[in-house]
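Scroll down for the structure; my scribbles are underneath it.
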Amino acid sequence: MSDKLLDAQGITKQFGGLTAVNSVDFSIERRSISSLIGPNGAGKTTFFNMITGLYTPTSGKVLFDGQEITGTKPHLVTALGIGRTFQNIRLFAQMTALENVLVGRHSRLHAGLIGTLLRLRKVREEEVAARTHALDLLEYVGLGRRRADELSKNLPYGDQRRLEIARALATEPKLLLLDEPTAGMNPNETGELTKLIRRVRDDRGVTILLIEHDMKVVMDISEKVTVLDHGAKIAEGLPELVRADEQVIEAYLGRGAAAHGKGGRMPTAA
């Protein structure tokens with residue numbers, strides 16, 4: 001078994017005359033936490049969307065757990081073991097917290113149409129187990145079972161982010177993609193969510209890849225950082241080495257700032 005859980009080779013995505021991602025090689029080791037960073041418009045979310053099947057690469061291929069998944073439909077990618085959250089929260093606003101997690105759990109249920117219509121005992125048992133699992137996940141991410149029956153739209157912003165993670169975990173992912181998970185959070189919320197992300201890896205063995213603009217989060221949690229700029233990979237490696245890379249400083253602060261020695265620290269948001 002390869003140590004690489006995900007291996008993207010020469011990934012390119014073009015939209016008409018625009019090259020959003022340009023021949024990017026990227027891999028992530030099992031049970032690791034990695035970050036994908038870069039200025040706005042660098043191609044980070046487009047890259048996520050190719051991994052999860054929302055976009056098909058113009059060229060290149062994506063291997064997951066030794067199997068090529070290039071262009072595979074999103075629901076099949078989920079079934080293979082890739083879960084994700086989104087930059088803009090995509091919960092079902094009119095559904096409860098519990099129901100949102102059960103939607104994620106649906107990909108792991110085995111009941112067919114006939115069994116569901118006839119309400120066979122096996123189906124009922126599976127539904128009870130799914131509900132129990134969903135309640136456990138709400139507890140695990142810090143929402144608690146007391147929030148299970150609240151409409152997701154009524155939850156505080158930080159709790160909605162936690163609910164998204166619970167829903168993604170309900171799919172039993174091997175790889176969890178988090179697109180700006182701490183966006184819009186205050187420092188205390190950010191710190192608590194960072195602890196949760198690390199715990200998901202440590203407790204459950206889930207490999208994690210996140211897009212993140214908060215450099216404190218990136219430096220605290222990442223074991224490898226990859227930097228994109230204008231769709232191309234410009235740096236990759238240990239967080240402290242990437243942070244000191246001149247190309248990275250220039251990408252974030254601009255050529256003039258870097259030339260005048262103002263690039264010693266990357267900003268906390270970009």
For the range 195-215, name all the residues that are surrounded by fewer than 20 Cβ atoms within 10 Å (Cβ to Cβ) and either closer than 17 Å to GLN160 by Cβ or in contact with a Cys (Cβ under 7 Å, 6 or more places away or on another chain) (or both). LEU196
Only one of (1) farther than 25 Å from VAL24 by Cβ; (2) at pLDDT below 95 is not met by ASP245, so which one is it? (1)
Based on what the data block shows, is ASP3 among the acidic types (Asp, Glu), in contact (Cβ under 8 Å) with a residue 40 or more places away in the chain and out of contact with any Phe, Trp or Tyr (no Cβ under 8 Å at 6 or more places or on another chain)? no
Does the range 179-192 include one or more residues that are within 26 Å of ALA20 (Cβ to Cβ), modelled with pLDDT of 90 or more, of a type outside the set (Gly, Ala, Ser) and part of a helix (DSSP H, G or I)? no
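Conditions (1) touching a Phe, Trp or Tyr at 6+ places or on another chain (Cβ under 8 Å); (2) in a helix (DSSP H, G or I); (3) modelled with pLDDT under 95, marked per residue:
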{"position": "LYS122", "(1), (2), (3)": "no, yes, yes"}
{"position": "GLU126", "(1), (2), (3)": "no, yes, yes"}
{"position": "ALA130", "(1), (2), (3)": "no, yes, yes"}
{"position": "ALA134", "(1), (2), (3)": "no, yes, yes"}
{"position": "ARG146", "(1), (2), (3)": "no, yes, yes"}
{"position": "ALA166", "(1), (2), (3)": "yes, yes, no"}
{"position": "PRO173", "(1), (2), (3)": "no, no, no"}
Testing ARG161 on (1) crowded, with 22+ Cβ neighbours inside 10 Å; (2) among the basic types (Lys, Arg); (3) farther than 18 Å from ILE211 by Cβ, one condition comes back false. Which one is that? (3)
Take the residues in the range 20-30 that are in contact with a strand residue (DSSP E or B) (Cβ under 6 Å, 6 or more places away or on another chain) and more than 16 Å from PRO57 (Cβ to Cβ); name whichever of them is surrounded by the most Cβ atoms within 10 Å (Cβ to Cβ). ILE28
Does ARG84 count as basic (Lys, Arg) and either touching a strand residue (DSSP E or B) at 6+ places or on another chain (Cβ under 8 Å) or closer than 18 Å to ALA232 by Cβ (or both)? yes
Check on ALA79, assigned to a helix (DSSP H, G or I) and modelled with pLDDT of 85 or more: yes
Answer yes or no: is there a residue in the range 31-54 that is in a strand (DSSP E or B), more than 22 Å from ALA183 (Cβ to Cβ), touching a residue at least 24 places away in the same chain (Cβ under 8 Å) and within 19 Å of the chain's Cα centre (by Cα). no
Select from the range 193-231 the residues that are of a type in the set (A, V, I, L, M) and in a helix (DSSP H, G or I) and list them in ascending order. LEU193, LEU196, ILE197, VAL200, MET215, VAL217, VAL218, MET219, ILE221
Considering the range 218-253 alone, what residues qualify as being in contact (Cβ under 8 Å) with a residue 24 or more places away in the chain, charged (D, E, K, R) and surrounded by fewer than 17 Cβ atoms within 10 Å (Cβ to Cβ)? ASP220, GLU223
Within the bounds of the range 55-66, is there any residue that is assigned by TED's automatic domain parsing to the domain that holds ARG204, surrounded by fewer than 17 Cβ atoms within 10 Å (Cβ to Cβ), within 18 Å of VAL206 (Cα to Cα) and out of contact with any Gly (no Cβ under 6 Å at 6 or more places or on another chain)? yes
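The values are calculated or read from the model by the stated rules, or taken from the named source; none is laboratory data. Keep in mind the model is a prediction, meaning the values are calculated, not measured. Cβ sites come from the backbone with ideal geometry, for glycine too, and all protein chains shown count toward neighbours.
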